[in-house]
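J.: Before I ask anything, let me first share the structure, which is written out below as structure tokens.
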Amino acid sequence: MSTDLPVPGQFDSAIDDEVRRLRIIYASDLPDKVAQLRSLVADMQENKANLSPVNEIFRAAHSMKGAASMYGFQTLADLGAALDEVLYPLLKGAKPVTDGICDLCVEWLTAISDVAASSEKGVERSAADYAVFHRLQKLSQLENDRMDDRGKNCRPGRPDPA
């Protein structure tokens, strides 16, 4: 058996330092990401038929869900997951882009900015502190309730999918 494996705890402080460094970088990049996303949301509002901005916003939310969680920013991860769930059906053509969706994206960006600013001040907030989080969850749940067990839409007034 090899004896050159690290002893448990041997690299903990070095790993902690690296994670702290990466957290700082991630947090400092957020304002630029939010600015880029604001531009994409504006593009989405101007041309709701163009799914390219929706795809980019979805990818950013999806990435935020994973990266923020990895760096210990659970509120950002939860907010990212909530928007991810709402935008996915739009990309699949199951739902159109509406003014309401665009407004939710604007609210989501405001919440992301607030989380970043609060975090810089050492204030930890939960995603549940943000009304947009609850609206996104409710919209996602409504969509899930309209799906049958095969993942097809079963909207009232439409025949059951075969």
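J.: Please work out which residue is nearest to the chain's Cα centre (by Cα), limiting yourself to the range 61-80 and to residues that are hydrophobic (A, V, I, L, M, F, W, C) and surrounded by 22 or more Cβ atoms within 10 Å (Cβ to Cβ). Reasoning before the result, please.
T.: Of all residues in the range 61-80, those hydrophobic (A, V, I, L, M, F, W, C) come to 61, 64, 67-68, 70, 73, 76-77, 79.
With surrounded by 22 or more Cβ atoms within 10 Å (Cβ to Cβ) added as a condition, the list becomes 61, 64, 68, 73, 76, 79.
Numbers: ALA61: 3, MET64: 5, ALA68: 9, PHE73: 12, LEU76: 7, LEU79: 5 Å.
My answer is ALA61.
J.: Going residue by residue through the range 39-58, is there one that turns out to be in contact (Cβ under 8 Å) with a residue 24 or more places away in the chain, farther than 30 Å from ASP16 by Cβ and under 12 Å from the mean Cα position of the chain (by Cα)?
T.: To start, the set of residues in the range 39-58 that are in contact (Cβ under 8 Å) with a residue 24 or more places away in the chain comprises 41, 44-45, 48-49, 51, 54-55, 57-58.
Remaining after also requiring farther than 30 Å from ASP16 by Cβ: 41, 44-45, 48-49, 51, 54-55, 57-58.
Those left that are additionally under 12 Å from the mean Cα position of the chain (by Cα): 57-58.
So far as the range 39-58 goes, yes, one or more of its residues are in contact (Cβ under 8 Å) with a residue 24 or more places away in the chain, farther than 30 Å from ASP16 by Cβ and under 12 Å from the mean Cα position of the chain (by Cα).
J.: Consider the range 9-38. How many of its residues are over 20 Å from VAL115 (Cβ atoms) and either among the polar types (S, T, N, Q) or not in a helix (DSSP H, G or I) (or both)?
T.: So the count comes out to 4.
J.: Condition first: within 19 Å of ILE24 (Cα to Cα), over 13 Å from the mean Cα position of the chain (by Cα) and not polar (S, T, N, Q). Can you find one or more residues in the range 100-113 that meet it?
T.: Looking through the range 100-113, none of the residues is within 19 Å of ILE24 (Cα to Cα), over 13 Å from the mean Cα position of the chain (by Cα) and not polar (S, T, N, Q).
J.: Can you say whether ALA35 is surrounded by 15 or more Cβ atoms within 10 Å (Cβ to Cβ), under 25 Å from GLU124 (Cβ atoms) and either within 17 Å of the chain's Cα centre (by Cα) or not small (Gly, Ala, Ser) (or both), as far as the supplied structure shows?
T.: Numbers: surrounded by 15 or more Cβ atoms within 10 Å (Cβ to Cβ): no; under 25 Å from GLU124 (Cβ atoms): yes; either within 17 Å of the chain's Cα centre (by Cα) or not small (Gly, Ala, Ser) (or both): yes.
No: the conditions fail for ALA35.
J.: May I pose another question? State all residues of the range 109-139 that are part of a loop (DSSP other than H, G, I, E, B), surrounded by fewer than 16 Cβ atoms within 10 Å (Cβ to Cβ) and not hydrophobic (A, V, I, L, M, F, W, C); if no residue qualifies, say none.
T.: Quick first cut of the range 109-139, residues part of a loop (DSSP other than H, G, I, E, B) only: 121-126, 130.
Still in the running and surrounded by fewer than 16 Cβ atoms within 10 Å (Cβ to Cβ): 121-126.
Within the range 109-139, LYS121, GLY122, GLU124, ARG125, SER126 meet the criteria.
J.: When only residues in the range 95-108 that are out of contact with any Asp or Glu (no Cβ under 8 Å at 6 or more places or on another chain) and not in a helix (DSSP H, G or I) count, which is surrounded by the most Cβ atoms within 10 Å (Cβ to Cβ)?
T.: VAL97
J.: Here are the criteria: (1) touching a Lys or Arg at 6+ places or on another chain (Cβ under 9 Å); (2) small (Gly, Ala, Ser); (3) at pLDDT below 90. Tell me which single one GLY122 does not satisfy.
T.: The number of the failed condition is (1).
J.: Within the range 63-91, can you find the residues that are at pLDDT 90 or above and of a type outside the set (A, V, I, L, M, F, W, C)?
T.: The answer is SER63, LYS65, GLY66, SER69, GLN74, THR75, ASP78, GLY80, ASP84, GLU85, TYR88, PRO89.
J.: Restricting the first residue to the range 121-143 and requiring it to be under 14 Å from THR110 (Cα atoms), which pairs with a second residue that is of a type in the set (Asp, Glu) and assigned to a helix (DSSP H, G or I) meet a Cβ separation below 6 Å and a spacing of at least six or different chains?
T.: ALA127/ASP78; VAL132/GLU107
J.: Using beta carbons and a limit of 8 Å, which pairs, at least six apart or on different chains, have the first residue in the range 88-113 and in contact (Cβ under 8 Å) with a residue 24 or more places away in the chain and closer than 18 Å to ALA77 by Cβ and the second one loosely packed, with under 14 Cβ neighbours inside 10 Å and of a type in the set (Gly, Ala, Ser)?
T.: So the pair list comes out as GLU107/ALA131.
The values are calculated or read from the model by the stated rules, or taken from the named source; none is laboratory data. Since the model is a prediction, treat every value here as computed from it, not as a measurement. Methodologically, a virtual Cβ is constructed for each residue, glycine included, from the backbone with ideal geometry; neighbour enumeration extends over all protein chains shown.
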